[in-house]
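Visitor: Take a look at the following structure, please.
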């Protein structure tokens, strides 16, 4: 299959692992930002074909994982209301809130639907004028344009029975939080290719300079990741710290200007809480004032929701690359995809779920 | 006998719908069952119209299985709920080593369902059963109020007979056995998902919905030492293999690059973030056979329609007992676990 097969080519991949072996002189710690990359690394066993001096840490780029428990509870509260059709991407349904999940809410007879795009939710709104349709707008910069477009169109067509529950987060502020932490071990980043497809990579240039870390915009296929690692190691060994683009088939420096325009029109930057990490200044998006009527958190009164994370769960440390899943006492024991304690075990992109699905608990 | 001219025999107009009266036990029900169902299935056992059918068997052991079908949409590229209801049960019998003989068909129909659609389904069941050589010998029809069903549900129960004495079983699996699959995977699941969700791809994905009893009979008749078989429906290839190997002290080691997934199916899986190894099939089975019979089995499969693309995907080993392992194109081996619930499309 074009755009897939050539990036799963054994010879090309081993050519790069050989190159890395030739130039590497010491241990280096890299973080892949995106959960999709984590998934690829663990699924294909890329960490096992790379030289042992390359230490890969798994980053915070899993939208399901970083959505705060409070917002999941808020979603559940809204989904339970009379006359509501609650629409969501599939993988949010299994995420446990503090007392239940959206699948159980659906099973209890509420109208919860899996959609593939916020625009599908908008179609449902048009078909069901007597109902209130809420879309769970979760994700990074990648999903923001489609969500913005849904709200923009709803405003344009005066679709007044549609709203979105926003939990949008942005990558660069999270990277800055990791880099600024005293516990930071990350020496280079594989930046998330799809986020940069939308946003370009201008905003990573000052980060690379300030913290002296190479940042390589990287794709998701095995070849992409191995090549991204090579470019990181090459810079580290040469003492450089620049932003480079491995994912040139998708990413340009300036990004998708049309997509960014619609995001800016509809959303503005705000402080957001990241599950397991805490509040990060200017790290999220919220609807601008003129689109407030589409903000589900204002349309519905959900009261104030205060929740506590399970004490045994170290997903926060995992999301920051401080620990790896097998280092958690609960991993594979009290925590598994059937009964996840934290969101990193729920989403297929979460580091814990990736380790659980592809490796046995005893393996590092 | 309507077999050569299968148009709806009942004088219903094409917009006529199922009403509660069709389940009421009276004339309306009798008319529906007689003219739409019994006349279509038409066989000596059913035509007796007794409360139960009396069936002859030649051997002293039967295989007995049941399955319910609630698929949505009821018509999908490559099949429909009717063909699926026959094939599903036939294949369950076939992979036990039995030859399917008789099937029951129970319909739960929602008030308001188009009678024409019911007839399309009944006709499809008849045609599929005829192709396989099984007879639909008993049945039931219930009507539920509008809003209490999803159009139509079908349950089929099947009886098969054994012409072999040495039945396949996970207990017979031994080290070195070859693991063979009869073709490409993941087509049914993706066809249904695409149809259900209105996902449009460049080419339509067709379900692999196909009966397996003919080819399995051939393999058994030719003396292939089949140690164990599974049809790979919900949960896909992985669930089938894990289910089998967990009952043993052995492991399955399969090779990813031997497993064939059609381009359009692979593309759909990639877009939705689904792993084809876990996606449903309805015309695929995996068999674990004596290693010396590999070439002969493949030759038989390759000469058949349902096994044209059959391939050996791996073998049984002693290491890592109870597990299925997959070796990828980089030579890295990982475990394959059964999934928890359904695979869900990812956010991005």
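No lab work stands behind these numbers, since they all come straight from the coordinates. These figures come from a predicted structure and were not determined experimentally. Quick reminder, even Gly has a Cβ in these numbers, built from the backbone with ideal geometry, and neighbours come from all protein chains shown.
Visitor: Roughly how many Å is it from the Cα centre of the range A:243-289 to that of the range B:99-137, as a whole number?
Guide: If we compute the Cα centre of each part, the gap is 54 Å.
Visitor: Taking a spot 7 Å from the Cα of residue B:14 along the direction of its beta carbon, which residues of the range B:66-84 have an amide N less than 19 Å from it?
Guide: Inside the label zone: B:75-76.
Visitor: Pop a pseudo-label 7 angstrom from the Cα along the beta-carbon direction at both residue B:318 and residue B:142 and give the gap in nm to one decimal.
Guide: 5.3
Visitor: Right, here's the next one. How much length would be gained if the chain were fully extended between residue A:333 and residue A:264, taking 0.36 nm per residue of separation minus their Cα-Cα distance, in nm to one decimal?
Guide: 20.4 nm
Visitor: How many angstrom lie between the Cα centre of the range A:11-28 and the Cα centre of the range B:234-311?
Guide: Going from one Cα centre to the other spans 35 Å.
Visitor: Given contacts defined as C-alpha pairs under 8 Å and at least six residues apart, what's the relative contact order of chain B, whole-number percent?
Guide: Worked out over chain B, it gives 20 percent.
Visitor: Looking at chain A, what % of its DSSP beta bridges pair antiparallel, to the nearest 5?
Guide: Taking every DSSP beta bridge within chain A, about 25 percent pair in antiparallel fashion.
Visitor: Can you compute the FRET efficiency between residue A:182 and residue A:99 using 1/(1 + (r/R0)^6), with r the Cβ-Cβ distance and R0 = 22 Å? Round to the nearest 0.05.
Guide: That pair, residue A:182 with residue A:99, gives E of 0.05.
Visitor: Then there is this: Using the number of other C-beta atoms within 10 angstrom as an exposure proxy, rank B:75, B:41 with the fewest first.
Guide: With the fewest neighbours first, B:75, B:41 line up as B:75, B:41.
Visitor: Right, here's the next one. Estimate the FRET efficiency between residue A:237 and residue A:119 by the formula 1/(1 + (r/R0)^6), using the beta-carbon distance for r and 35 Å for R0, to the nearest 0.05.
Guide: 0.15
Visitor: Which of the three applies to the range A:260-321, rounded, prolate or oblate, going by the alpha-carbon gyration tensor with a ≥ b ≥ c and a/c under 1.5 meaning rounded?
Guide: oblate
Visitor: Also, I was wondering about something else. Label residue A:83 and residue B:303 with points 7 Å out from Cα along Cα→Cβ: what is the distance between them in nm?
Guide: That separation, rounded to one decimal, is 7.0 nm.
Visitor: Also, I was wondering about something else. Under 10 Å, Cα contacts only: if you run a Gaussian network model on chain A, which one of A:40, A:104, A:163 comes out with the highest mean-square fluctuation?
Guide: Between A:40, A:104, A:163, it is A:104 that shows the largest mean-square fluctuation.
Visitor: Using 7 Å Cα-to-Cβ label points, what is the residue B:170/residue B:338 separation (nm, one decimal)?
Guide: Once both label points are built, they end up 0.9 nm from each other.
Visitor: To the nearest 10 degrees, how steeply does helix B:263-272 sit against the main Cα axis of chain B, on a 0 to 90 scale?
Guide: 90
Visitor: Give, as ranges by residue number, the residues of the range A:125-168 whose backbone N falls under 19 Å from the point 7 Å along Cα→Cβ of residue A:301.
Guide: Residues passing the 19 Å test: A:132.
Visitor: How would A:338, B:67, B:51, A:312 line up from fewest to most surrounding beta-carbon atoms within 10 angstrom?
Guide: Ordered by Cβ neighbours within 10 Å, fewest first: B:51, A:338, A:312, B:67.
Visitor: Next up: Nearest 10 degrees, 0 to 90: what angle lies between the long axis of helix A:35-44 and the longest principal axis of chain A (Cα atoms)?
Guide: Roughly 50 degrees, rounded to the nearest 10.
Visitor: Please arrange B:227, A:58 by how many other C-beta atoms lie within 10 Å of their C-beta, fewest to most.
Guide: Least crowded to most crowded, the residues run B:227, A:58.
Visitor: I need to check one value: relative contact order of chain A, counting alpha carbon pairs closer than 8 Å and at least 6 residues apart, in percent.
Guide: Relative contact order comes out at 22 percent.
Visitor: Is the range B:170-336 rounded, prolate or oblate when judged by the Cα gyration tensor, a ≥ b ≥ c being the square roots of its eigenvalues, rounded requiring a/c under 1.5 and prolate requiring a/b larger than b/c?
Guide: Judged from the Cα gyration tensor, the range B:170-336 comes out oblate (a/c at least 1.5, b/c at or above a/b).
Visitor: Sticking with this structure for a sec: When the helices in chain B are scored as -39500 (n - 2.57) per DSSP H run of 4 or longer and the sum is shared across all residues, what 222 nm value do you end up with, to the nearest 500 deg cm²/dmol?
Guide: Dividing the helical sum by the residues of chain B leaves -7500 deg cm²/dmol.
Visitor: Turning to a different aspect of this structure: Across peptide A:334-346, what mean number of C-beta atoms from other chains lies inside 10 Å of a residue's C-beta?
Guide: Per residue, the number of nearby Cβ atoms from other chains is 1 on average.
Visitor: Among bridges DSSP assigns within the protein assembly as shown, what percent are antiparallel (round to 5)?
Guide: Close to 55 percent.
Visitor: Normalising by the residue count of the range B:170-336, find the relative contact order in percent from Cα pairs under 8 Å and 6+ residues apart.
Guide: Result for the range B:170-336 is 42 percent.
Visitor: By the gyration tensor of its Cα atoms, with a ≥ b ≥ c the square roots of the eigenvalues, what is the shape of the protein assembly as shown: rounded for a/c under 1.5, prolate for a/b over b/c, or oblate?
Guide: Oblate.
Visitor: Angle check, please: helix B:81-94 long axis (alpha carbons) against the longest principal axis of chain B (alpha carbons), in degrees 0 to 90, nearest 10.
Guide: 50
Visitor: Would you calculate, for chain A, the mean residue ellipticity at 222 nm contributed by helices, counting each DSSP H stretch of 4 or more residues as -39,500 (n - 2.57) and dividing by all residues, to the nearest 500?
Guide: My calculation for chain A gives -11000 deg cm²/dmol from helical runs alone.
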